[in-house]
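See structure below.
The values are calculated or read from the model by the stated rules, or taken from the named source; none is laboratory data. Keep in mind that what you see is a predicted model, and the values were worked out from it rather than measured. As a convention, Cβ positions derive from the backbone with ideal geometry for all residues, glycine included, and neighbour counts pool all protein chains shown. Just so you know, the surface numbers come from the protein's heavy atoms only, side chains and all, with ligands and any DNA or RNA stripped out. Shrake-Rupley method; radii C 1.70, N 1.55, O 1.52, S 1.80 Å.
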Amino acid sequence: MRTLSSAILVVFAVLQLHVSMTASDPAQESFLQCLSDHSQSSLPISSVTYFPNNSSYTTVLQSYIRNLRFMSPTTPKPVFIVTPTHVSHIQASIICSKIHGLEVRIRSGGHDYDGLSYVSHNPFIIVDLFKLRSINVNIEDQSAWVDSGATIGELYYRIAEKSKIHGFPAGVCPTVGVGGHFSGGGYGNMMRKYGLSVDNIIDAVVVDVNGRVLDRESMGEDLFWAIRGGGGASFGVIVSWKIKLVVVPEFVTVFRVEKTIEDGATDIVYQWQYVADKIHEDLFIRVVVLPVNKKSHQTVKAKFVALFLGNAENLIALMDQSFPELGLSCNDCIEMSWIESVLYWSNYANGTSLDVLLVRQPESEKFLKKKSDYVQEPISKTGLEGIWKKMMQQRKPALTFNPYGGKMSEISESETPFPHRSGNIYKIQYSVNWKEEGVEAADQNLDRIRMIYDYMTPYVSKSPRGSYLNYRDIDLGTNGVGNVSYTEASVWATKYFKGNFDRLVQVKTEVDPENFFRYEQSIPSLASWTNVVTE
């Protein structure tokens, strides 16, 4: 009881600080003074710090909110926002937040599906990295340094500026921030050939809980292991990453083929399950399944979208041999450069300027919810028919099947914190979007995606039922307020990390024993929990 009362008093005290800062200049000046004292005077941090009474505060806050669910008036707002242009601004933000008892949220692109990079129910600040986005590509040694605030689109663009035969295995959404994407795994359409983003990271620069700036050598291999798939925000602020570029052909081939139930989609998807993870590693075939309304009836449509690291002739020969059920023809195939395939996968029209990759804002924001699963045994045709029926009843959620195999089956589960490797045929992303405002619309759509997720239980991985960290899902469980126990956190963490959770806890206990870097699904520190229990 004493511990709980103490925690409540601390929260109350910090809430008072929040109120005083937004209402009284002296408190604000005190914090600004602290920030100035701990950052480089030649680069004044005051010019990149936004309190609620600053006219730019709301614009800065909302500019990287990618889920409209977290833009409501009732969503908790930060005490202030820092948009660093120099590493000393990050150091000062950490040090002063510790002094004043505020939590830190770290945002790169704002695509955290459940808003955890910019929302907290405890008094907090946001360190928004969008101004730190330099990219230096070195074709000679086939590497690049990229800041966490850069987007995937910007990274691809800068690589393509230097070379037509180099790329990087990362995601297909250009506006996603590099920082969160890399630290959670980094899944994309070249992963069967080259693995995840984290499998191709060779160095990083991190600011730790003590404000020290560390690279791979000075942070040590344990921390370097943890930030490559364990979620960087549990361990520090990752400023930049050194990546290893991969070789791509001068021309690749893409296709997009759609089949409804009436066109035999059930049989084709069923057969896809037997070839998707076993076909040549140069070929990645995603299936997007969604309910559609025809004039006279409802049906389900399966979209087969592919990237092949080779020419159309070789692709046709491969498909005729391994997956003739799709009936792929030359007319379905388009040859293009790898960088043009990035636009194709982002649904841009052929001929769109590559400059669109430098646009950091999506065309429109939506209310959304995502969930994920892993499939390890093919689902029967009867099972698929039941899933289609359930989807038509719900009318909303889309399911995206992403194939495994290839390089992913060759990498050990413990090589990085991301454990979902061999044994998986494909991963499912569940997705529901809506545009209507209000609690009723939100509840209705959240119910839809949760019902289809529950329905899928017999068909997906078990003990644990796996999930992908970058498809953040707080339905799996959260830490709650304060210092969480290992047992509480393991409820959700084993779904993301399986057996790697134990090592992540050990690293966290070593590098952040007091659990300063914490949020709803952060890795717990055994030291901080032990301190609470013994008080």
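In table form, for the structure just shown:
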{"read-out": "Efficiency of FRET from Cβ geometry, Asp355 and Gln506, R₀ 60 Å, rounded to 0.05", "value": "0.85"}
{"read-out": "Fraction of accessible area attributable to carbon and sulfur, region 239-306 (%, probe 1.4 Å)", "value": "47"}
{"read-out": "Chain lengthening between Asn433 and Lys381 when straightened (0.36 nm per residue, less Cα-Cα)", "value": "16.0 nm"}
{"read-out": "Per residue value of the accessible surface for region 428-534 (all protein chains in place, 1.4 Å probe), Å²", "value": "44"}
{"read-out": "For the chain, size of Cβ-based charge dipole, Lys and Arg +1, Asp and Glu -1, in debye", "value": "1040"}
{"read-out": "DSSP beta bridges in the chain [antiparallel fraction, %, rounded to 5]", "value": "90"}
{"read-out": "Highest average packing first - 286-299, 396-409, 105-118, Cβ atoms within 10 Å", "value": "105-118, 396-409, 286-299"}
{"read-out": "DSSP-loop GluC sites (Glu not before Pro) across region 273-339, with at most 15 other Cβ within 10 angstrom", "value": "none"}
{"read-out": "Region 16-169 - percent of accessible surface contributed by carbon and sulfur, probe 1.4 Å", "value": "51"}
{"read-out": "Cys173 accessible area, 1.4 Å probe, all protein chains in place, Å² to nearest 10", "value": "50"}
{"read-out": "Region 238-271 versus region 26-101: alpha-carbon centroid distance in Å", "value": "40"}
{"read-out": "Extension gain, Lys294 back to Thr59 (0.36 nm per residue minus Cα-Cα distance, nm)", "value": "80.5 nm"}
{"read-out": "Percent carbon-and-sulfur accessible area, region 421-535, ignoring ligands, DNA and RNA, probe 1.4 Å", "value": "51"}
{"read-out": "Potential extension, Glu410-Gln444 segment - 0.36 nm per residue separation minus Cα distance", "value": "8.1 nm"}
{"read-out": "Probe 1.4 Å, protein heavy atoms only - accessible area per residue of region 197-263 in square angstrom", "value": "34"}
{"read-out": "Among Trp388, Val507, Tyr459 the positive-end extreme of the charge dipole of region 376-535 (Cβ point charges)", "value": "Trp388"}
{"read-out": "Set of aspartates and glutamates near Lys508 by C-alpha distance (under 12 Å), chain-local residues within fewer than 8 positions excluded", "value": "Asp208, Asp222"}
{"read-out": "Cα shape, region 400-512, gyration tensor, a/c 1.5 rule", "value": "oblate"}
{"read-out": "Per-peptide average of other Cβ atoms within 10 Å, ordering 73-84, 181-192, 352-363 highest first", "value": "181-192, 73-84, 352-363"}
{"read-out": "Point-to-point label distance, Glu161-Asn331, nm (Cα→Cβ direction, 7 Å offset)", "value": "4.1"}
{"read-out": "Region 364-441 shape via C-alpha gyration tensor axes, a/c threshold 1.5", "value": "oblate"}
{"read-out": "Asn314/Ser134 FRET efficiency (R0 30 Å; Cβ-Cβ; nearest 0.05)", "value": "0.20"}
{"read-out": "Whole-angstrom gap from region 350-407 to region 194-223, using each part's C-alpha centre", "value": "31"}
{"read-out": "Calculated FRET value between Ser36 and Asp215, using beta carbons and R₀ = 25 Å, to 0.05", "value": "0.40"}
{"read-out": "Accessible area expressed per residue, region 53-164, with surrounding protein chains retained (probe 1.4 Å, Å²)", "value": "35"}
